[in-house]
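Have a look at the structure below before the remarks.
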Amino acid sequence: MLRLAVPDDYDAIAAVVDDWWGRPVLPALPRLFLDHFHRTSLIASSDTGALAGFLIGFPSPSLPDEAYIHFVGVSPAARKSGLARIMYERFFDLARGHGRFVVRAVTAPVNETSIAFHRRMGFEAGDPVPGYNGPGTSLVTFVREI
């Protein structure tokens, strides 16, 4: 089942996100994202009702033609099921509904799985941008017209 997020979904995400990544990533996803962008973020549940995935995204408040996907997670049990693709396609529909025609995202250069996924989804991947989030943090940027 796929639905729009609500602010209370944050606790369920926070409880699993570090385990799903195998490293601490929760600091990159503060509660404010679900407090302020839940109407354009998605929650996927398994048949048992457990959290299967999430996508945190929003229309850019500064770039009127663009939307941004900030964070996406799929439980290890649901990987390779097509869930990430379904969430991205639903987000594209939400973005279009807000008058957006471009979607952007970023990931770490070491996240080869994410880079390959974004390319399969039709995103153009840029070269790693040194210092993207400050000194010592390079990120790969993605852009896709929708």
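Here is how the numbers come out for the structure above:
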quantity: Counted residues, the range 25-51 - those being at pLDDT below 95, within 20 Å of S114 (Cβ to Cβ) and either loosely packed, with under 12 Cβ neighbours inside 10 Å or aromatic (F, W, Y) (or both); calculated: 1
quantity: Residue match in the range 101-119 (condition: within 13 Å of the chain's Cα centre (by Cα), more than 23 Å from P24 (Cα to Cα) and either open to solvent by 30 Å² or more (accessible area, probe 1.4 Å) or aliphatic (A, V, I, L, M) (or both)); calculated: yes
quantity: Per-region count, the range 5-20, residues among the aliphatic types (A, V, I, L, M) and open to solvent by 60 Å² or more (accessible area, probe 1.4 Å); calculated: 2
quantity: Test result for F54, within 29 Å of E145 (Cα to Cα), hydrophobic (A, V, I, L, M, F, W, C), open to solvent by 10 Å² or more (accessible area, probe 1.4 Å) and in contact with a Leu (Cβ under 9 Å, 6 or more places away or on another chain); calculated: no
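The values are calculated or read from the model by the stated rules, or taken from the named source; none is laboratory data. This one's a predicted model, so the numbers in the text were calculated from it and none came from an experiment. Every residue, glycine as well, gets a Cβ built from its backbone with ideal geometry; the counts of neighbours run over all protein chains shown. For the accessible areas, the whole protein counts, side chains as well, though only heavy atoms, and no ligand, DNA or RNA atoms are used. Shrake-Rupley method; radii C 1.70, N 1.55, O 1.52, S 1.80 Å.
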